[in-house]
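Trainee: One structure is given below, represented as structure tokens, and several questions about it will come after.
Quick note: the coordinates plus some simple rules give every number you see, no bench work behind them. Given the structure is predicted, the values throughout are model-derived calculations rather than measurements. Here the Cβ is made from the backbone with ideal geometry for all residues, glycine too, and neighbour counts use every protein chain on show.
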Amino acid sequence: MSVLSIIVPCYNEEESIHFFYEAMKELEQDLPGLEMEYLFIDDGSKDKTYEKLSELHERDNRVKCISFSRNFGKEAAIFSGLRAANGDCVVVMDADLQHPPKTIVEMVAKWREGYEVVEGIKTNRGRESVFHKLFANSFYNIMSKLIGVNMNNTSDFKLLDRKVVKILSGLHEKDTFFRALSYWVGFKTTSVHYEVQERVAGTTKWSFTSLLRYAVKNIIAFSYAPLKLISVLGFLILGFGVALGVDAIVSYLRGTAQSGYPTIICMIVLATGGIMLSLGIVGTYIAKIYEQVKDRPQYIIGDRKD
Ligand code: UDP
Ligand code: MG
């Protein structure tokens, strides 16, 4: 019998876990011929998430839990789950039931047809502010261009075959972007659509600054475009400078040279701003290299119950 591993990152989800588990139990009847394995990763929760998970583990030996020594982020939680999973296929989903469990039935059907990656695509974006939507859209448009795949409405809700899980588990990147890496690895890919549900309990953990950090981190992790942009800007400014220089010389020769003080001020401000910004971008990449070279683990496991 094939095994399906369900990977669930949890951060302060004490209220959701019970609902999640009950919903999954109900779903099991619709997944005949599959043995289930549940892998909950407690990402350093400050509430009773791990106690709740341990209770589940006592009741149901298919439930396994990993507890991080502190909060390392959803990406780290997903990757530790991938590394611990034993399933022939794996589904990654949120603990708050925003990813409807019944979609798994469709995903498994696709997997049985021979697909190795089944992406969950959102048909709606759930309840979000206009500002949040605008920000998310611009981010996904940039990422889509960088990766060459339409990333709009993609999510972390997906099914992966054992083969794909093995490849992803072997990556040494510290700054993973699961949502895009599942495209990057290739393999036979298809998608299913689902409607984002309301959170069953608790609140979202995203603030605007954390979203912004997430966007910058993932663009840096997937692209050198910002670095190339610096060279392009450099060339543009150089061209502009040459034109101004020629103009200055011609004016001088004609004896019509202006005093030019405002121009100098503008040029200095523009150039300094440009250089600082460029240094900032280069610095961000250096920081990433530094982090990778230090080779600290992406997460630290404090406790686990297999
Ligand atoms: N999560 C996590 N670590 C974090 C933040 C979130 O493991 O640092 C988990 C969270 O418990 C949930 C999933 O990631 O299962 C999605 O988080 P959330 O619902 O807060 O995000 P949203 O659905 O609003 O994008
Ligand atoms: Mg959520």
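Trainee: Among Gly186, Gly255, which is the only one that is away from ligand 2 (no atom under 16 Å from the Cβ), under 26 Å from Tyr115 (Cα atoms), loosely packed, with under 12 Cβ neighbours inside 10 Å and small (Gly, Ala, Ser)?
Mentor: Only one candidate qualifies: Gly186.
Trainee: Of all residues in segment 232-271, how many are within 45 Å of the chain's Cα centre (by Cα) and hydroxyl-bearing (Ser, Thr, Tyr)?
Mentor: 1
Trainee: Of the residues in segment 1-54, how many are assigned to a strand (DSSP E or B) and among the aromatic types (Phe, Trp, Tyr)?
Mentor: 2
Trainee: Which of the numbered conditions does Glu198 fail, given that it passes all the others? Conditions: (1) over 30 Å from Glu119 (Cβ atoms); (2) of a type in the set (D, E, K, R); (3) surrounded by fewer than 14 Cβ atoms within 10 Å (Cβ to Cβ).
Mentor: Evaluating Glu198 over (1) over 30 Å from Glu119 (Cβ atoms); (2) of a type in the set (D, E, K, R); (3) surrounded by fewer than 14 Cβ atoms within 10 Å (Cβ to Cβ) leaves (1) as the failure.
Trainee: Of everything in segment 202-229 that's within 17 Å of Ser144 (Cβ to Cβ) and polar (S, T, N, Q), which residue is nearest to ligand 1 (Cβ to nearest atom)?
Mentor: Checking each candidate, the answer is Asn218.
Trainee: Is it true that some residue in segment 190-197 is within 16 Å of ligand 2 (Cβ to nearest atom) and either under 21 Å from Ser2 (Cα atoms) or without any contact (Cβ under 8 Å) to a residue 40 or more places away in the chain (or both)? I'd like the intermediate steps shown before the answer.
Mentor: Pass one, segment 190-197, residues within 16 Å of ligand 2 (Cβ to nearest atom): 194-197.
Checking the rest, the ones that are also either under 21 Å from Ser2 (Cα atoms) or without any contact (Cβ under 8 Å) to a residue 40 or more places away in the chain (or both) come to none.
Scanning segment 190-197 turns up no residue that is within 16 Å of ligand 2 (Cβ to nearest atom) and either under 21 Å from Ser2 (Cα atoms) or without any contact (Cβ under 8 Å) to a residue 40 or more places away in the chain (or both).
Trainee: If the requirement is being exposed (fewer than 11 other Cβ atoms within 10 Å of the Cβ), out of contact with any Lys or Arg (no Cβ under 6 Å at 6 or more places or on another chain) and farther than 27 Å from Thr176 by Cβ, which of these qualifies: Gly260, Gly273?
Mentor: Just a single option satisfies the conditions, and that option is Gly273.
Trainee: Say we look at segment 88-109 and pick out the residues that are crowded, with 20+ Cβ neighbours inside 10 Å and more than 23 Å from Tyr11 (Cβ to Cβ); which of these is nearest to ligand 2 (Cβ to nearest atom)?
Mentor: Selected residue: Met107.
Trainee: Just a yes or no: is a residue in segment 242-250 within 16 Å of ligand 1 (Cβ to nearest atom) and either not in a loop (DSSP other than H, G, I, E, B) or not hydrophobic (A, V, I, L, M, F, W, C) (or both)?
Mentor: There is no residue in segment 242-250 that is within 16 Å of ligand 1 (Cβ to nearest atom) and either not in a loop (DSSP other than H, G, I, E, B) or not hydrophobic (A, V, I, L, M, F, W, C) (or both).
Trainee: Of everything in segment 218-231, what is under 14 Å from Val282 (Cα atoms) and among the hydrophobic types (A, V, I, L, M, F, W, C)? Give them in sequence order.
Mentor: Residues of segment 218-231 under 14 Å from Val282 (Cα atoms): 219-221, 223-231.
If the condition is that a residue be under 14 Å from Val282 (Cα atoms) and among the hydrophobic types (A, V, I, L, M, F, W, C), then Ile219, Ile220, Ala221, Ala225, Leu227, Leu229, Ile230 are the ones that fit.
Trainee: Do the conditions hold for Phe240, that is, is it aromatic (Phe, Trp, Tyr) and in contact (Cβ under 8 Å) with a residue 40 or more places away in the chain? Reasoning before the result, please.
Mentor: Numbers: aromatic (Phe, Trp, Tyr): yes; in contact (Cβ under 8 Å) with a residue 40 or more places away in the chain: no.
Judged against the criteria, Phe240 is not a match.
Trainee: Which condition number in (1) under 29 Å from Arg70 (Cβ atoms); (2) in contact (Cβ under 8 Å) with a residue 12 or more places away in the chain; (3) in a helix (DSSP H, G or I) is the one that Gly280 fails?
Mentor: (2)
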